Amino acid sequence: FESDNWVNSALDLLGGNGTIGDFRYAPLIGPDILSGILVKATGQSVLDFAREYLFLPLDIHVEGNVVFHNKEEQLAWYKEKNVRGWVSDRAGVNTAGWGLNLTTLDMAKIGQLYLDQGIWEGKQIVSTEWIQESTMEHSKSKQWKLSYGYLWWIIDEKEQSYAAMGDGGNVIYVNTNKKMVVSIASLFIPHAKDRIKLIKDYIEAVFEDEV
């Protein structure tokens, strides 16, 4: 975080003696490489690109960039309940694995967009092909015994359920067969309890009982 260019730092830190093809989960820094690619490919900042093609159609409001000038500012940001905006490095490249402040409703909208195969209010926002591609297995974690798509954990292939799980308790959960979306937002806490168990044992169970 002390570097001026987090994309280069992520590339440096993820190199080394790992075996090509092995699963390595680096949620804090790894996805920043995707931000760098997006900036190069579009000629826009990630925030501007997202505003135009995702946030505006879904009526999601993100105020602007949040830049930390020292460690104290970053630590204070973690504890703040009413943070706004999207964290970026000093070069203006937004984070991709953390740092985007969304409401629970905003998160649910993204889940609903996926549930509806990329369609929002009758308009194709994201291609159906990408929805399917990003939520199928591309690698597997031996540690958690879960398949991984493109930034989505594959929870149950039969039910076609998958989830974006953030550090500290945040989650967007989609169950295609049950046509269900669940979003959970929380303050950052280390070693958050199993949110998928919470959803399956309590939230889904309630809806099944009502049916």
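Numbers for the structure displayed
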item	result
Cβ-defined net charge surrounding VAL87, 13 Å radius [Lys, Arg +1; Asp, Glu -1]	-3
The chain: angle of helix 32-42 to the longest principal axis, Cα-based, in degrees nearest 10	80 degrees
23 Å Cα-Cα reach of LYS179 towards lysines, excluding residues that sit fewer than 8 places from it in its own chain	LYS109, LYS123, LYS158, LYS197, LYS200
Under the Karplus curve 6.51 cos²θ - 1.76 cosθ + 1.60, θ = phi - 60°, whole-Hz ³J(HN,Hα) for segment 48-61, x wherever Gly or Pro sits	5, 5, 5, 4, 6, 9, 10, 5, 4, x, 8, 6, 9, 10
Test item: Cα-centred dipole of segment 78-155, Lys/Arg +1 and Asp/Glu -1 on Cβ, debye	400 debye
Karplus-derived 3J(HN,Hα), 6.51/-1.76/1.60, for each residue of segment 183-192, Hz, glycine and proline x	10, 10, 10, 8, 5, 5, 9, x, 6, 4
Rounded to 10°, Cα long-axis angle of helix 104-115 versus longest principal axis of the chain	60 degrees
Lys/Arg +1, Asp/Glu -1 at C-beta; segment 44-137 dipole; positive extreme among ILE60, ASN82, MET136	ASN82
Accessible-area order (highest first, 1.4 angstrom probe) of the listed residues GLU80, GLU204	GLU80, GLU204
Antiparallel bridge percentage (DSSP; both residues within the chain; nearest 5)	90 percent
Electrostatic dipole magnitude of the chain [Cβ: Lys, Arg +1; Asp, Glu -1; Cα centre; debye, to 20]	280 debye
Estimated [θ] at 222 nm from DSSP helical runs (n ≥ 4, -39500 (n - 2.57)) normalised by residues in the chain, nearest 500	-8000 deg cm²/dmol
Surface share of carbon and sulfur [accessible, 1.4 angstrom probe, percent] for the chain	55 percent
Integer Hz, Karplus 6.51/-1.76/1.60 couplings in order for segment 198-203, x for Gly and Pro	4, 5, 5, 7, 10, 6
Over the chain, relative contact order from alpha-carbon pairs under 8 Å, at least 6 apart, %	14 percent
Computed Kirkwood radius, in angstrom, where 1/r is averaged over Cα pairs of the chain	18.5 Å
Residues whose placed amide H lies under 5 Å from that of MET180, excluding near-sequence neighbours	ASN175
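The values are calculated or read from the model by the stated rules, or taken from the named source; none is laboratory data. Bear in mind the structure is a predicted one, so any value in this text is a computation, not a measurement. Note: ideal-geometry Cβ built from the backbone for every residue, glycine included; neighbour counts use all protein chains shown. To get the accessible areas, we keep the full protein, side chains included, count just its heavy atoms, and leave off ligands, DNA and RNA. Shrake-Rupley method; radii C 1.70, N 1.55, O 1.52, S 1.80 Å.
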